[in-house]
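These notes concern the structure reproduced below.
The values are calculated or read from the model by the stated rules, or taken from the named source; none is laboratory data. Just so it is clear, the structure is predicted and the values come from calculations on it, not from any experiment. As a convention, Cβ positions derive from the backbone with ideal geometry for all residues, glycine included, and neighbour counts pool all protein chains shown. The accessibility values were calculated without ligands, DNA or RNA, using every heavy atom of the protein model including side chains. Shrake-Rupley method; radii C 1.70, N 1.55, O 1.52, S 1.80 Å.
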There are 4 protein chains.
Amino acid sequence: MHLRAGMTVAELTDAMAKAGVIQGGRVGRSANIVAEIFSDPDYTTFITLTGPLCHGGLRNIFSDLIRWGYIDAVVTNGANIVGDLIEAMGHHHYVGKEDADDEALYEEGINRAYDIYFKNQTFIDLETYFYRILDEIPEEKRVNSSIHGLLREVGLRVEDENSILHVAAEKNVPIFSPGFVDCMLGIPMWMYSREKPLSLNPLKDFDLFGDIVFNAKKSGAILLGGGTPKHHTQYMHTLREGLDAAIQISSAPVADGSLSGAPLRESVSWGKLHGENLEMTATIFGEITSIFPLIIASALEKIENSRSKQM
Amino acid sequence: MHLRAGMTVAELTDAMAKAGVIQGGRVGRSANIVAEIFSDPDYTTFITLTGPLCHGGLRNIFSDLIRWGYIDAVVTNGANIVGDLIEAMGHHHYVGKEDADDEALYEEGINRAYDIYFKNQTFIDLETYFYRILDEIPEEKRVNSSIHGLLREVGLRVEDENSILHVAAEKNVPIFSPGFVDCMLGIPMWMYSREKPLSLNPLKDFDLFGDIVFNAKKSGAILLGGGTPKHHTQYMHTLREGLDAAIQISSAPVADGSLSGAPLRESVSWGKLHGENLEMTATIFGEITSIFPLIIASALEKIENSRSKQM
Amino acid sequence: MHLRAGMTVAELTDAMAKAGVIQGGRVGRSANIVAEIFSDPDYTTFITLTGPLCHGGLRNIFSDLIRWGYIDAVVTNGANIVGDLIEAMGHHHYVGKEDADDEALYEEGINRAYDIYFKNQTFIDLETYFYRILDEIPEEKRVNSSIHGLLREVGLRVEDENSILHVAAEKNVPIFSPGFVDCMLGIPMWMYSREKPLSLNPLKDFDLFGDIVFNAKKSGAILLGGGTPKHHTQYMHTLREGLDAAIQISSAPVADGSLSGAPLRESVSWGKLHGENLEMTATIFGEITSIFPLIIASALEKIENSRSKQM
Amino acid sequence: MHLRAGMTVAELTDAMAKAGVIQGGRVGRSANIVAEIFSDPDYTTFITLTGPLCHGGLRNIFSDLIRWGYIDAVVTNGANIVGDLIEAMGHHHYVGKEDADDEALYEEGINRAYDIYFKNQTFIDLETYFYRILDEIPEEKRVNSSIHGLLREVGLRVEDENSILHVAAEKNVPIFSPGFVDCMLGIPMWMYSREKPLSLNPLKDFDLFGDIVFNAKKSGAILLGGGTPKHHTQYMHTLREGLDAAIQISSAPVADGSLSGAPLRESVSWGKLHGENLEMTATIFGEITSIFPLIIASALEKIENSRSKQM
């Protein structure tokens, strides 16, 4: 491929798609697949979030995609909900060094995730902020609640136009999080539940998730990272004949046999993905923050170009 | 190091510990750390399970360790519970090839996880088996239940001396699984819950987990894999002054900033691990089924040797 | 970061640089570092090539960068020389599947490197093509020759404007390849040497490499992959006070202690990199074909923008 | 698998082989394959060394295997030759921390490779030591020499019974190292060559390597790490009908398309491995120092057991 100053993002991914091999080829193809999923109104589109993606600068990409109607359901770990709320409060993380003296950081009251630094105070404030929101939620919506139901109630009360929870609640896009209690809000929720009514019933989440999967004409997924969000989204698609299209970006290895690193074709054997549709899939082995923005910026450009042509 | 025919497993790990560097050195040190944790009655010991570990041949190691009193709490993903129950039913997985034609496998009714193959029928039978057990559990223990509470009730009804759930229930060792609904039993439980009373309240699990952590004189962890089990165990230790000792085997990369790949020292900054205790930790980058058996076999030998000397 | 249709490549990397963390942050910063190295005439710039980069579609990027005067020395494995010559002959690889039946491919006369397929005939033709070139090179330049000297003679005889060897020879940019004999031209060269005069003396390469390093006002490196090319370039910089700037993209793990995966800061301890200059470095953990084009396209745009402003 | 105190190393790997899946299964099978290769006098056996294996404590394993007649040819990077000579001089590395302040180490005169630390003085002494050996080698053996030829001359003059170079020279086992000039002896050799006669001709190495491959009844390989040693050994086997048996331990990823991470079955397509012999291969994804000692200790026990039975 030849590169030149001033080429557009889609021109770049097209050159990568044309080369066609190794991971660059998959990234190029992914831009085309995402553009097609986003353009086709028949698609119900899932996005899964694992890893510190909000903290990694991707939060606004997610909330914009939801706002623009490209995403129909979010499936996330708890950490990205925490990351979303921290920024909604007006707090931020800091850019640090990944080779740090962690004992010194502990003394300074700083928590480190790779090169992302948080002040302890952020989590103390988060607790207060979250309690205030919980207090505002009517009791009957806090008891025996589905997780997506509680997150929707929270989102309605978050005042930040860039918040994933807020935009999702406004656009009626559900946020599923099967392992939600395992996040920095877990202990606060537990404490709260000992004082005031609060209980979660994750089996209830299957009602809505099932409905969405059953009703999808076509189903597409953008799988960012592995873990519970990836598995849950694939697993729920055994309720229909599997996903019709999917891209996956994961840095997990294949060789430990975990679902996190499994290539998409493996899910064909489980009925989680249509075997005929492998051309509408791309399994990218790589790190999300360095690859996902390129794919989305390119897909947006492709959609815009396609609309311009139609006019 | 010099190797020779007939050396014992502990002699081998001692040679690795003496070399002391790269991952071999960490494996060697881990055998010593695990032997110390298992030998010291002051330790409350957690083991976390992520990845297809039961399927990978480690199931009996876990149930033996629980039986022998070395483990005080298990924190697991759902997959290992499924893997445990499949074998308890008398079903098995098959050893296959990781480079398979997944469409052909789908047609044959075979599900593949890397080189581990399952027949569809296994999961159909699992559903029946699990429903039968659920029916036997008194209704009041099925409603608004903690996850560990339900798993204990299940374990009491599993008739297999090698079953992790069974042995854990017998030995009163709790099995925590914050993301339990995301496993091959999730949809069956949901279906069941639409017909008969069944509901889970994962915030309730914090009561017992909190008690165990609060009451530990010393706290040690064997962290196998990343994901929710690893995070949850570390996170709950912010309720005390962190773990006192831990070994971790994970194949997740450090560089994507995820908790799964984070070295143990990172958790010092969060107060999840005593900063002074880094010598009682080992962060091993590697794959579990190829490394964990060596560490445990060596630790068992070291404990036996130490007992023999004392006599 | 917010993305939108029509953003330029440099706007995208600027957004990633602003987020600043995990690998996306490093990719963003790398575009700035490369733009600065390419813009500052004081820099002598090395590029190292490991992995099937030519085959992965990057060949023309390399030859363009050399043509445009941005690169002063190439340090490569043998495979990229083979990849360059294959395309110079007019042959090509094919895009295949990485989950292939390799026995069937062998029967069909197809060689596979991941999803890159080559016909056997390509390597047979390569031999003939290379012998013809060797025959044209005066005998005294074939005997006791440095490797870069032989590659220059070859490049002068390659008739392809996109060939790295050709453009490098024309622009007087040396191509170092300490392990050159270990490539698909190794056995052909050996066969040739049994019939006609041909011998390589890799210690001779140190003369020119040493001169370039000694004479550099500032020294910068783009390290693509690990292996011998990365080590050799870093090692030769112990002859001066180390590199002044460098970016590295490598998918090798840190945890096996190999040089391939070592972060750039490790090379500070060896005097291969100025310790003060860590801000002018970025160690990216990732795969090259999916990341390098973005960095270069952005750097080219930044250089063009900077030139426009100056006018 | 069940573990117990006092089980032998071979009992442990047999249990892993019986489980049969993921990497543990491959490690178990590898012990059997290596035992078979070592036991069958028809096998010509290659071992390849990439990564800091000598520094990682494996040096004596290699020299013992050579001494016992199990290895017929070594193919190594330069670093392991340096590591061998450092210990032959009586110097050592130190066990350090992998999260170090590299600027401080530089000031202290310490070089770091992950958690392996070397004093600068070691490399200064190495130079003197190596020059002294070179001086002892007759001039005609220093000029236009094959690399294995020079290394043999060096080995004959190394006075250390545990030295790989020494034992290999004594046992007439060649050490090939196609990229040898790229190691910490490269600049010293170059300096020496400017004062006194010294030149290497790596094409000459193909004579002996070719002979060994041509004459092998059966050919087996233990491939430790990727890089030039792995490729070169596989590549030279295109001169016959490929390897008959091989195990590989590599931590390189598959997904970047490099040879370092390629599974063994990929080499079938190239004719580097007999397609029919995949059962006599094992591709282990993992780190060498944590896995290789277990395989070798087990293989030695199996050989001993087999001999005892025959008597």
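Against the condition on the phi > 0 side of the Ramachandran plot and either assigned to a helix (DSSP H, G or I) or at pLDDT 95 or above (or both), how does D:GLY6 come out, does it pass?
no
Kindly list the number of the only condition in (1) under 20 Å from the mean Cα position of the chain (by Cα); (2) modelled with pLDDT of 95 or more; (3) under 30 Å from C:ILE249 (Cβ atoms) that fails for A:ILE303.
(1)
Exactly one of (1) more than 8 Å from chain D (Cβ to nearest Cβ); (2) open to solvent by 50 Å² or more (accessible area, probe 1.4 Å); (3) without any contact (Cβ under 8 Å) to a residue 40 or more places away in the chain is unmet by C:GLU127. Its number?
(3)
Looking at region C:260-270, which of its residues are open to solvent by less than 10 Å² (accessible area, probe 1.4 Å), in contact with a Gly (Cβ under 7 Å, 6 or more places away or on another chain) and within 21 Å of D:VAL181 (Cα to Cα)?
The answer is C:GLY261, and nothing else.
Can you find a residue in region D:114-124 that is within 14 Å of chain C (Cβ to nearest Cβ), of a type in the set (Asp, Glu), open to solvent by 40 Å² or more (accessible area, probe 1.4 Å) and over 26 Å from C:GLY179 (Cα atoms)?
no
Just checking, which of A:PHE176, A:PHE130, A:PHE180, A:PHE206 is farther than 26 Å from A:ASP64 by Cβ and aromatic (Phe, Trp, Tyr)?
Residue meeting the stated conditions: A:PHE206.
For A:THR233, state whether it is in contact (Cβ under 8 Å) with a residue 40 or more places away in the chain and over 28 Å from A:GLU127 (Cα atoms). Before the answer, list the steps.
Values: in contact (Cβ under 8 Å) with a residue 40 or more places away in the chain: yes; over 28 Å from A:GLU127 (Cα atoms): yes.
For A:THR233, the condition - in contact (Cβ under 8 Å) with a residue 40 or more places away in the chain and over 28 Å from A:GLU127 (Cα atoms) - is met.
Looking at this structure, is D:LEU156 modelled with pLDDT of 95 or more, open to solvent by 70 Å² or more (accessible area, probe 1.4 Å) and more than 11 Å from every other protein chain (Cβ to nearest Cβ)?
Working: modelled with pLDDT of 95 or more: yes; open to solvent by 70 Å² or more (accessible area, probe 1.4 Å): yes; more than 11 Å from every other protein chain (Cβ to nearest Cβ): yes.
Yes; evaluated as a whole, the condition is true for this residue.
Is it true that A:ILE61 is open to solvent by less than 10 Å² (accessible area, probe 1.4 Å), at positive phi and within 7 Å of another protein chain (Cβ to nearest Cβ)?
Considered against the rule, which asks whether it is open to solvent by less than 10 Å² (accessible area, probe 1.4 Å), at positive phi and within 7 Å of another protein chain (Cβ to nearest Cβ), A:ILE61 comes out as no.
For B:PRO188, which of the numbered conditions (1) in a helix (DSSP H, G or I); (2) facing another protein chain (nearest Cβ under 9 Å); (3) closer than 23 Å to A:GLY210 by Cβ; (4) in contact (Cβ under 8 Å) with a residue 40 or more places away in the chain fails to hold?
Every listed condition holds for B:PRO188 apart from (2).
Can you tell me which residues in region B:217-229 are over 20 Å from B:PHE38 (Cβ atoms) and either surrounded by fewer than 24 Cβ atoms within 10 Å (Cβ to Cβ) or not small (Gly, Ala, Ser) (or both)?
B:THR228, the sole residue that qualifies.
Do we find a residue being under 25 Å from D:SER290 (Cβ atoms), within 14 Å of chain D (Cβ to nearest Cβ) and either among the small types (Gly, Ala, Ser) or touching a Gly at 6+ places or on another chain (Cβ under 6 Å) (or both) anywhere in region B:70-82?
For region B:70-82, residues under 25 Å from D:SER290 (Cβ atoms), within 14 Å of chain D (Cβ to nearest Cβ) and either among the small types (Gly, Ala, Ser) or touching a Gly at 6+ places or on another chain (Cβ under 6 Å) (or both): present.
What are the pairs, 6+ residues apart or on separate chains, where a residue within region B:196-207 that is more than 7 Å from chain A (Cβ to nearest Cβ) and among the basic types (Lys, Arg) has its Cβ under 9 Å from a residue that is crowded, with 18+ Cβ neighbours inside 10 Å and in a helix (DSSP H, G or I)?
Going by the 9 Å Cβ cut-off, the qualifying pairs are B:LYS196/B:LEU134; B:LYS204/A:TRP190; B:LYS204/A:SER193; B:LYS204/B:ILE147; B:LYS204/B:HIS148; B:LYS204/B:GLY149.
Is it the case that some residue within region C:86-97 is open to solvent by less than 50 Å² (accessible area, probe 1.4 Å) and within 30 Å of A:VAL254 (Cα to Cα)?
Yes, because at least one residue in region C:86-97 is open to solvent by less than 50 Å² (accessible area, probe 1.4 Å) and within 30 Å of A:VAL254 (Cα to Cα).
For region B:39-145, please list each of the helices (runs of 4 or more DSSP H) lying entirely inside it that holds at least 1 residues being within 12 Å of the chain's Cα centre (by Cα).
Of the helices (runs of 4 or more DSSP H) lying wholly inside region B:39-145, those with at least 1 residues that are within 12 Å of the chain's Cα centre (by Cα) span B:59-67, B:78-88.
Residue by residue through region A:1-14, note down the ones that are open to solvent by 20 Å² or more (accessible area, probe 1.4 Å) and facing chain C (nearest Cβ under 10 Å).
A:MET1, A:HIS2, A:ARG4, A:ALA5, A:GLY6, A:THR8, A:GLU11
Whether any residue in region B:165-175 is part of a helix (DSSP H, G or I), out of contact with any Gly (no Cβ under 7 Å at 6 or more places or on another chain) and either open to solvent by 10 Å² or more (accessible area, probe 1.4 Å) or within 14 Å of chain A (Cβ to nearest Cβ) (or both) is what I want to check. Let's see the steps before the verdict.
Residues of region B:165-175 part of a helix (DSSP H, G or I): B:165-170.
With out of contact with any Gly (no Cβ under 7 Å at 6 or more places or on another chain) added as a condition, the list becomes B:167, B:170.
Filter once more, so that each one left must be either open to solvent by 10 Å² or more (accessible area, probe 1.4 Å) or within 14 Å of chain A (Cβ to nearest Cβ) (or both): B:170.
Yes.
Considering only region B:235-254, how many residues are within 25 Å of A:ALA262 (Cβ to Cβ) and open to solvent by less than 10 Å² (accessible area, probe 1.4 Å)?
Within region B:235-254, residues that are within 25 Å of A:ALA262 (Cβ to Cβ) and open to solvent by less than 10 Å² (accessible area, probe 1.4 Å) number 3.
Looking only at region A:65-85, which residues are open to solvent by 10 Å² or more (accessible area, probe 1.4 Å) and of a type in the set (D, E, K, R)?
If we filter region A:65-85 for residues that are open to solvent by 10 Å² or more (accessible area, probe 1.4 Å), which is where we start, we get A:67-70, A:72, A:77, A:79.
Listed by number, the residues that qualify are A:ARG67, A:ASP72.
Output the residues belonging to region C:15-57 that are open to solvent by 10 Å² or more (accessible area, probe 1.4 Å) and either without any contact (Cβ under 8 Å) to a residue 40 or more places away in the chain or closer than 30 Å to C:ALA113 by Cβ (or both).
Passing the criteria: C:ALA15, C:ALA17, C:LYS18, C:ALA19, C:GLY20, C:ARG26, C:PRO41, C:THR50, C:GLY51, C:PRO52, C:HIS55, C:GLY57.
If B:ASP135 passes every condition in (1) under 22 Å from A:THR238 (Cβ atoms); (2) open to solvent by 50 Å² or more (accessible area, probe 1.4 Å); (3) among the charged types (D, E, K, R) but one, which one does it miss?
Here B:ASP135 meets the rest and fails (1).
Can you pull out the residues in region C:286-299 that are touching a residue at least 40 places away in the same chain (Cβ under 8 Å), at the interface with chain A (Cβ under 7 Å from one of its Cβ atoms) and open to solvent by 10 Å² or more (accessible area, probe 1.4 Å)?
C:GLY286
Out of B:GLY210, B:GLY186, B:GLY275, B:GLY257, I need the residue that is closer than 27 Å to A:THR76 by Cα, surrounded by fewer than 20 Cβ atoms within 10 Å (Cβ to Cβ) and out of contact with any Ser or Thr (no Cβ under 6 Å at 6 or more places or on another chain). Which one?
The match here is B:GLY210.
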